[in-house]
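Asks: What follows is a structure written as structure tokens; I'll ask about it next.
The values are calculated or read from the model by the stated rules, or taken from the named source; none is laboratory data. Only a predicted model underlies this, so the values are computations on that prediction, with no experimental measurement involved. Using ideal geometry, Cβ is built from the backbone for each residue, glycine included, and neighbour counts are taken over all protein chains shown. Surface accessibility is based on the protein's heavy atoms, side chains included, excluding ligands, DNA and RNA. Shrake-Rupley method; radii C 1.70, N 1.55, O 1.52, S 1.80 Å.
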Amino acid sequence: MRTTHRSALLVFVLLSGMLACAVPGLPQTDSGALGTSLAVTLNAIIEATQNALPVTSSPTIQPSPTLNGTISPGPATKTPTETATVLLIHTPTPFFPQISVSVPTNCRVGPGNQYERVGALLVGETVQVYARDPTGDFWYIQNPDSSNEYCWVWGKYATVTGLTYILPVYTPPPTPTATATPLPSFDASFSGLVVCTGWWPEIRLKNTGLLTFRSVGISLKDTNTSTSVYSSSDGFNDNPDCTTSTSRKTLLAGKAVTVSAPGFVYDPTGHKLRATITLCSDTGQSGTCVTDTITFTP
């Protein structure tokens, strides 16, 4: 083995010498003499290298018998080479996009929480995606709670698989306009003091809003004596004197009515009274209610 290395080194040195002769600026020699000398030297090196190489044994030939009893050489026996088999496990990507969520997500008639909720996609459920909104934040799916409906789910907690680029872009429906509940309001004023079996103030009420009132409650306090009385009723009752009474079930928008406040057992004339009045849209002082307070001196 060392002889081989030395021979190769010698060949390298000789070749280096030849190449050096071709480098500009170096002394030139006769090219024919140089070629003859190099050839003789290379032949000697090759011969020495071949003699130094180790002898490699030939493949073993197994004899095989023939029909006439003579032995003829058979084919060389080769040792089989094992080939590793690589098993590739591939999970195919679904063609149509599928969606699942890590957090239960509402499904609405439009892409946003301003739309009505019609269902929910729960953890563990997987459904097909049919479209997306222009922002790419919401996905249009079959309603998990109703097979005949479709709705939108938010993609924040969603995992979508499949070819999403094939999905059409749906323009969301118009944002629903919330119907504003009309604000209730009224004006109240003192209209007189009725004396009969007691003393009760008359209060005039005018509905200045758009909501219809159906019940009234009045708390009356004499600030001079700290005496308080209270009454409530469905409808609006008025007793303008000891023999006459009127009643209305509702107080419509823009209309006015006079009602009798709860009475005192003494004459409050000259006292400062404070009336707290509550009108409600439903009977029993329920529904939408509004309260106002006035002060007056009978």
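Asks: Which of the lysines could a cross-linker bridge to Lys272, judged by Cα under 19 Å and excluding same-chain residues fewer than eight apart?
Replies: Excluding near neighbours in sequence, the set is Lys221.
Asks: Moving to a separate point now. If amide hydrogens are placed 1.01 Å from N in the peptide plane, which non-local residues have theirs closer than 5 Å to the one on Phe186?
Replies: Thr208
Asks: I've got another one for you. Over the Cα atoms, compute the radius of gyration (one decimal) and Dmax (the largest Cα-Cα distance, rounded to a whole number) for the stretch 179-238, in Å.
Replies: Computed over the Cα atoms of the stretch 179-238, radius of gyration and Dmax are 14.2, 48 Å.
Asks: To make sure I understand the rule: partners must be aspartates and glutamates, Cα under 20 Å from the Cα of Lys156, and not fewer than 8 residues away in the same chain. Which ones qualify?
Replies: Partners found: Glu116, Glu125, Asp133, Asp137.
Asks: Classify the stretch 91-137: rounded, prolate or oblate, from the alpha-carbon gyration tensor (a ≥ b ≥ c, eigenvalue square roots; a/c under 1.5 rounded; otherwise prolate if a/b is larger than b/c)?
Replies: On the way: a/c = 2.55, a/b = 1.46, b/c = 1.75.
Oblate shape, in that a/c is at least 1.5 and b/c is the bigger or equal ratio.
Asks: Taking the simple approach of a point 7 Å from Cα along Cα-to-Cβ for both Asp292 and Thr243, what is their distance in nm?
Replies: 3.3
Asks: Let a ≥ b ≥ c be the square roots of the eigenvalues of the Cα gyration tensor of the stretch 211-263; is it rounded (a/c under 1.5), or, if not, prolate (a/b larger than b/c) or oblate?
Replies: Details: a/c = 2.55, a/b = 1.54, b/c = 1.65.
Oblate shape, in that a/c is at least 1.5 and b/c is the bigger or equal ratio.
Asks: Probe of 1.4 angstrom, ligands and nucleic acids ignored: what's the accessible area per residue over the stretch 127-253, in square angstrom? Display every interim value, and only then the final one.
Replies: Details: 7300 Å² over 127 residues.
Per residue, the stretch 127-253 has 57 Å² of solvent-accessible surface.
Asks: Leaving out same-chain residues fewer than 8 places away, which aspartates and glutamates sit with a Cα under 15 Å from that of Lys249?
Replies: Asp234, Asp238, Asp282
Asks: In terms of the Cα gyration tensor, with a ≥ b ≥ c the square roots of its eigenvalues, is the stretch 102-178 rounded because a/c is under 1.5, prolate because a/b exceeds b/c, or oblate? Please report the intermediate quantities before stating the final value.
Replies: Values: a/c = 1.56, a/b = 1.14, b/c = 1.37.
Since a/c reaches 1.5 but b/c is at least a/b, the shape of the stretch 102-178 is classed as oblate.
Asks: May I ask you to compute the full-extension gain from Tyr150 to Glu116, defined as 0.36 nm times their residue separation minus their alpha-carbon distance, rounded to one decimal in nm?
Replies: Values: separation 34, 0.36 × 34 = 12.24 nm, distance 1.26 nm.
Full extension from Tyr150 to Glu116 adds 11.0 nm.
Asks: Just the number, please: carbon plus sulfur as a percent of the accessible area of the stretch 178-270, 1.4 Å probe, no ligands or DNA/RNA counted.
Replies: On the way: 2530 of 4970 Å².
Exposed carbon and sulfur together represent 51 percent of the surface.
Asks: Taking the Cα centre of the stretch 187-298 as the origin and placing charges on Cβ (Lys, Arg +1; Asp, Glu -1), which of Ser245, Pro201, Thr283 is farthest toward the positive end of the dipole?
Replies: Farthest along the dipole direction, towards plus: Thr283.
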